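The values are calculated or read from the model by the stated rules, or taken from the named source; none is laboratory data. What you see is a predicted model; the values in this text were computed from it and never measured. With ideal geometry, Cβ positions are generated from the backbone for all residues, glycine too; neighbour counts draw on all protein chains shown.
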Amino acid sequence: MGDIPSAVLFACSENSIRSPMAEGILKFLYGHRVYVDSAGVRKREIDGFVVAVMEEIGIDMGQHKTKTFSELEDLSYDLVISLSPEAQHQAVELTRVMACEVEFWPTFDPSIVEGGRETRLEAYRQVRDDLMRRIKERFPVDTQTDT
């Protein structure tokens, strides 16, 4: 899919589930080689199920500070990836005057799943694993550097 961008923004509706997961995964895979941030159309505290399922794979989300598009401090992104239709509209508006790519990755909102704790956790795990797969496909990690 091309070169790895130097700055990526993940966006969703509330910056409490999908976009923080994606931000955490890309940071986990690339460390400081890529600047990664996330935002939402609205702001809501980080979802506790996100913290739990990300911790399962070694990513600490407990300190994530949610923010809206209007609270972003830096707008120098090479790529904005929106994960919800609402965020896609906001991303298109944001990038009208920027030289920036926008991609839409429709991503299921696991917060709508009803049931017991384990049923809900499984829905969050599926979103996490789907984002991990998509991020690895879009931003392939160079495994040849270890030789």
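Tell me, please, whether a residue that is surrounded by fewer than 20 Cβ atoms within 10 Å (Cβ to Cβ) and touching a Pro at 6+ places or on another chain (Cβ under 7 Å) can be found in the range 70-88. Yes: one or more hits. Filter the range 69-107 down to the residues that are hydrophobic (A, V, I, L, M, F, W, C) and assigned to a loop (DSSP other than H, G, I, E, B) and list them by number. 72, 75, 83, 98, 99, 100, 105 - these are the residues of the range 69-107 that are hydrophobic (A, V, I, L, M, F, W, C) and assigned to a loop (DSSP other than H, G, I, E, B). Of the listed requirements (1) more than 20 Å from residue 140 (Cβ to Cβ); (2) in a loop (DSSP other than H, G, I, E, B); (3) touching a residue at least 60 places away in the same chain (Cβ under 8 Å), residue 66 misses just one: (3). Screening residue 32 against (1) touching a residue at least 12 places away in the same chain (Cβ under 8 Å); (2) over 19 Å from residue 118 (Cα atoms) leaves a single unmet condition, (1). Screening the candidates 79, 75, 83 for the property of being over 20 Å from residue 128 (Cβ atoms) and modelled with pLDDT of 95 or more yields one hit, 79.
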